[in-house]
Amino acid sequence: MFGHRTFRSALVGLVALPGLMLGMAPPAAAAPSPAAAAVIAADCSPQRLMRAHFPASPTIDNRFYPLSPGMQFFLDGSVIAEDGSVHPHRISTTVTDLTKMVDGVRALVMFDVDIQDGVVVESELFFVSQRDDGSVWTLGEYPEEYENGVLTGAPSTWIAGTDRARAGIAMLANPVVGTPTYLQGFAPKIGFKDCATVVATGERVCVKTGCYNDVVETDEFAPLDPEGGHQRKFNAPGVGVVKVAAAGGIDPEALQLTKAAKLCPGAFANVRKQVLAQDARGYQVAASVYGATTPADRTFQAETC
């Protein structure tokens, strides 16, 4: 959810109905401001990672992307099939207390679970760290894909520093309109490249969990997949992503934050067990890429509920 642009839909031929299951009207994608339109590029270039500027133990307190171990977030929405049937869609994201060395940087392990019609279709580990300038970086992703409850592989795995893959910025230190479009991640071997542009700041956004002020809106897109369209992501201070809205494309997604809370010790331990099991599988399922990382290990004593 937090570290990457695309929220993949497991059902073929679905069209997103934002908030349909939540009693909300579908939001219209706003046009970028003139200042933002001037900097939205057809592509983006990588910035230097500067490994020496990352801490030995990751602390992520970026105002618009804070990640406190033990927090769990739920983004919910719905999609509709060509036959008119409605299908609920949920992304759960947990901030673990595990870290992993990726491309010379100690990164925090994040855990995403993509649920369609109550069934897990993707389970992903992704890895983030905050540089000393306050920017948050994504250093890789290991997304396992499932069909009818059976693991079918992880073909979209990428790790910075392997197969010419490059880390990218998940959130700028000081997001302002007019900042040039920036890279969020690049893995040429799998045709992955995500870019983002800040299109608005100071917005007010209301979702099921409440109304948020001073929200940053970014326009995110994949230049190697132009038919995928654009996606708008809304980050609230002190919270992170509160809404995802479609802005065109063949497989749009629209989700809103429905719950954000600290896990209790038992639930957190269960998540940690799942993450460690998936991390171990990565060395078999995606050995040639995932083998460039160290096994995840527990670093923090996280506060729980």
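The values are calculated or read from the model by the stated rules, or taken from the named source; none is laboratory data. Not measured: the values here are computed from a predicted model. No Cβ is skipped: glycine too gets one built from the backbone with ideal geometry, and neighbour counts run over all protein chains shown.
Among the candidates 189, 262, 208, single out the residue that is basic (Lys, Arg) and touching a Gly at 6+ places or on another chain (Cβ under 7 Å).
262 is the lone residue from the list that is basic (Lys, Arg) and touching a Gly at 6+ places or on another chain (Cβ under 7 Å).
Say whether the condition of being more than 20 Å from the chain's Cα centre (by Cα) and either surrounded by fewer than 17 Cβ atoms within 10 Å (Cβ to Cβ) or closer than 20 Å to residue 140 by Cα (or both) is met by at least one residue in segment 251-264.
Taking segment 251-264 first, the residues more than 20 Å from the chain's Cα centre (by Cα) are 264.
Now narrow it down to the ones that are either surrounded by fewer than 17 Cβ atoms within 10 Å (Cβ to Cβ) or closer than 20 Å to residue 140 by Cα (or both): 264.
Scanning segment 251-264 turns up at least one residue that is more than 20 Å from the chain's Cα centre (by Cα) and either surrounded by fewer than 17 Cβ atoms within 10 Å (Cβ to Cβ) or closer than 20 Å to residue 140 by Cα (or both).
Taking residue 185, is it in a strand (DSSP E or B), modelled with pLDDT of 95 or more, surrounded by fewer than 20 Cβ atoms within 10 Å (Cβ to Cβ) and not hydroxyl-bearing (Ser, Thr, Tyr)?
The answer is no for residue 185.
Residue pairs, Cβ under 6 Å, 6 or more apart or interchain, first in segment 45-71 and within 13 Å of residue 170 (Cα to Cα), second surrounded by fewer than 23 Cβ atoms within 10 Å (Cβ to Cβ) and among the charged types (D, E, K, R). List them.
The qualifying pairs are 46/166.
If I ask for residues that are of a type in the set (A, V, I, L, M) and farther than 25 Å from residue 258 by Cα, which ones from segment 45-88 would you list?
If the condition is that a residue be of a type in the set (A, V, I, L, M) and farther than 25 Å from residue 258 by Cα, then 49, 50, 52, 56 are the ones that fit.
Residues that are within 24 Å of residue 260 (Cα to Cα), part of a loop (DSSP other than H, G, I, E, B) and within 17 Å of the chain's Cα centre (by Cα): does segment 89-106 have at least one?
The answer is no, given that none of the residues of segment 89-106 is within 24 Å of residue 260 (Cα to Cα), part of a loop (DSSP other than H, G, I, E, B) and within 17 Å of the chain's Cα centre (by Cα).
What are the residues in segment 34-58 that are surrounded by 14 or more Cβ atoms within 10 Å (Cβ to Cβ), modelled with pLDDT under 60 and part of a loop (DSSP other than H, G, I, E, B), if any?
Within segment 34-58, 39, 40 qualify.
Being over 21 Å from residue 217 (Cα atoms) and either of a type in the set (Asp, Glu) or modelled with pLDDT of 90 or more (or both), is that true of even one residue in segment 76-85?
yes
Being of a type in the set (A, V, I, L, M, F, W, C), surrounded by fewer than 18 Cβ atoms within 10 Å (Cβ to Cβ) and within 25 Å of residue 66 (Cβ to Cβ) is the filter here; which residues of segment 277-305 pass it?
Once the filter is applied, which keeps residues that are of a type in the set (A, V, I, L, M, F, W, C), surrounded by fewer than 18 Cβ atoms within 10 Å (Cβ to Cβ) and within 25 Å of residue 66 (Cβ to Cβ), segment 277-305 yields 300, 305.
Would you confirm, using the coordinates I've provided, whether residue 103 is in contact with a Leu (Cβ under 7 Å, 6 or more places away or on another chain), closer than 17 Å to residue 297 by Cα and touching a residue at least 60 places away in the same chain (Cβ under 8 Å)? Before the answer, list the steps.
Details: in contact with a Leu (Cβ under 7 Å, 6 or more places away or on another chain): yes; closer than 17 Å to residue 297 by Cα: yes; touching a residue at least 60 places away in the same chain (Cβ under 8 Å): yes.
Yes.
Name the one entry in 150, 207, 177 that is in contact (Cβ under 8 Å) with a residue 40 or more places away in the chain, within 23 Å of residue 93 (Cα to Cα) and either among the β-branched types (Val, Ile, Thr) or touching a Cys at 6+ places or on another chain (Cβ under 8 Å) (or both).
Numbers: 150 fails: in contact (Cβ under 8 Å) with a residue 40 or more places away in the chain; 177 fails: within 23 Å of residue 93 (Cα to Cα).
Checking each option against the conditions leaves just 207.
Take the residues of segment 61-93 that are over 22 Å from residue 143 (Cα atoms) and among the hydrophobic types (A, V, I, L, M, F, W, C): which is surrounded by the most Cβ atoms within 10 Å (Cβ to Cβ)?
Here the residue is 64.
Given the criteria closer than 27 Å to residue 225 by Cβ, in contact (Cβ under 8 Å) with a residue 40 or more places away in the chain, in contact with a Phe, Trp or Tyr (Cβ under 9 Å, 6 or more places away or on another chain) and surrounded by 15 or more Cβ atoms within 10 Å (Cβ to Cβ), does residue 196 qualify?
yes
Considering only residues that are among the charged types (D, E, K, R) and in contact with a helix residue (DSSP H, G or I) (Cβ under 6 Å, 6 or more places away or on another chain), look in segment 160-182 and name the one that is surrounded by the fewest Cβ atoms within 10 Å (Cβ to Cβ).
In this case the residue turns out to be 164.
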